[in-house]
Amino acid sequence: MEKVGEKQGEEDGAAPAGGGSELGQKSGTKRVPERGDDEEETPPTKKPVTDHSVKVASHYNKLQEVGLEVRSQSRIFYMRNFNNWVKSVLIGEMLERVRGAGSRNVSVLDLGCGKGGDLLKWRRGGINRLVCADIAAVSVEQCQSRYEDMKRKSYNNEKIFSAQFITADCSTEVLSEKLDDPQLMFDICSCQFVYHYSFESEQKADMMLRNACERLKPGGFFIGTTPDAYELVKRLEASDSLTFGNEIFKVSFQSKGSYPLFGCQYHFNLEGVVDVPEFLVYFPVLEHMAKRYNMRLVLKQRFSEFCEEKVKKEQHRNLMMKMMALELFPCEVGGRQASESTEEYSHAKERCCRAGLRQVGTLSRSEWEAASIYLVFVFQKMA
């Protein structure tokens, strides 16, 4: 799907079926404010091969950067923040594990960096070296500009990580050949809402995996977020057509009943953000392929499961409030909900009544149906 949390929003309890992730709040709690002639002729019956990477790059290059005020008016504002919170928790916890294992100088590869939506996360994590790579040249330029701006505005005594920015199709090009430091090894490779684009073919999926894993240190992590193929197929099979979705997103397949391991294309459209072809990632195949690079799967969770587990910790709940990852229902006097439809919040209303709460933190039903397509994964390089 899209690059949620960057192309779907920058950084500044399991949900009920069809509902939203919720945090109950007692009366008085308020919201915290805060990507030639010699050529043979093509037979008439043969269709030209489409490189979908070109479409993806073109789409993201055309996306305009907007400010917080514009983003806050988006129908998917809270979903964007929620997905960004998931990334923040994942990245923060993995940095803790790396440091807990004894790493002092932490190096990170952001594979599919987009416009740099995770730069602040790496800054907060106190890393030493960052390599950002993406297929969209305009996005990489904006990412680098954002980094330079961050350095200029940093405090005098704050040491900002060094960085390299690479424009490359990481599903067809060898990234290690483009590194300024050919000996550089990484503690973490982060691939957020990107890997599914590479499942157009086995060759592309393997190259993306090679770029993610071959330069990892022993014990290093390959982390990311990607759509859950099982969930997408389940929703497609339950649909009376080749399309499913709601008022904010739509997924369209070309057929159903048979799903190839590679090149199983669908089209994803998310309001104002994404309108591109994507490919199902059959996770058992990804897990098998990862073994070629001495990687083992240590975590795979749906967003709902991940959220239910992480909100048990106070620090993650506080971050959720700070990032406005959920909206309050009912909203404060004079405010408005993300959707005017009362049905979009029936689950939140039921929760308030059942638990005797004045307000709950939630996502609208449509936003949760979109967000709950995704899963979190973590692979580790075996020693």
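Rule-based calculations on the coordinates, nothing more; no lab input. What you see is a predicted model; the values in this text were computed from it and never measured. Here the Cβ positions follow ideal geometry from the backbone for every residue, glycine too, while neighbour counts run over all protein chains shown.
Please arrange H196, H267, H316 by how many other C-beta atoms lie within 10 Å of their C-beta, fewest to most.
Values: H196 25, H267 15, H316 18.
Ascending number of Cβ neighbours within 10 Å: H267, H316, H196.
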Under 5 Å between amide hydrogens, which residues at least 5 positions from I166 or on another chain qualify, with H placed 1.01 Å from N in the peptide plane? C132, A133, D134
Mind listing the long-range amide H neighbours of R358? Cut-off is under 5 Å, sequence gap 5 or more, other chains count too, H placed in the peptide plane at 1.01 Å from N. S27
Once phi is turned into θ = phi - 60°, what whole-Hz ³J(HN,Hα) does the Karplus curve with 6.51, -1.76 and 1.60 give for every residue of the range 168-175, x standing for Gly and Pro? 7, 7, 6, 9, 9, 10, 7, 5
For the range 105-121, in residue order, the Karplus 3J(HN,Hα) values (coefficients 6.51, -1.76, 1.60; θ = phi - 60°; whole Hz; Gly and Pro = x) are 9, 8, 10, 10, 10, 9, 8, x, 6, x, 7, x, x, 9, 4, 5, 5
Placed amide H near F186: partners under 5 Å, 5+ positions off or other chain: L216, K217
How far is the Cα center of the range 326-373 from the Cα center of the range 140-188, in Å? 39 Å
Stretched fully, the stretch from L242 through S162 gains (0.36 nm per residue minus C-alpha distance, one decimal, in nm) 24.1 nm
Would you please state which residues of the range 262-301 a label at K234 would reach in this model, taking the label point 7 Å out along Cα→Cβ and a backbone N cut-off of under 16 Å? 281-284, 300-301
If R0 is 35 Å, what FRET efficiency do you get for T172 and K256 from their C-beta distance, rounded to 0.05? 0.75
Can you pull the one-decimal nm distance between simple spin-label points at K349 and A137, each 7 Å off the Cα toward Cβ? 5.3 nm
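Greater than 26 Å separation of Cα atoms is the criterion. Which listed pairs, K217/K313; K217/K300; K291/K312; K87/K204; K310/K381, meet it?
Details: K217/K313 29 Å; K217/K300 21 Å; K291/K312 33 Å; K87/K204 24 Å; K310/K381 24 Å.
As for pairs spanning more than 26 Å Cα to Cα, those are K217/K313; K291/K312.
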Roughly what would the spin-label model give for T342 and R75, points 7 Å off Cα along C-beta, in nm? 2.1 nm
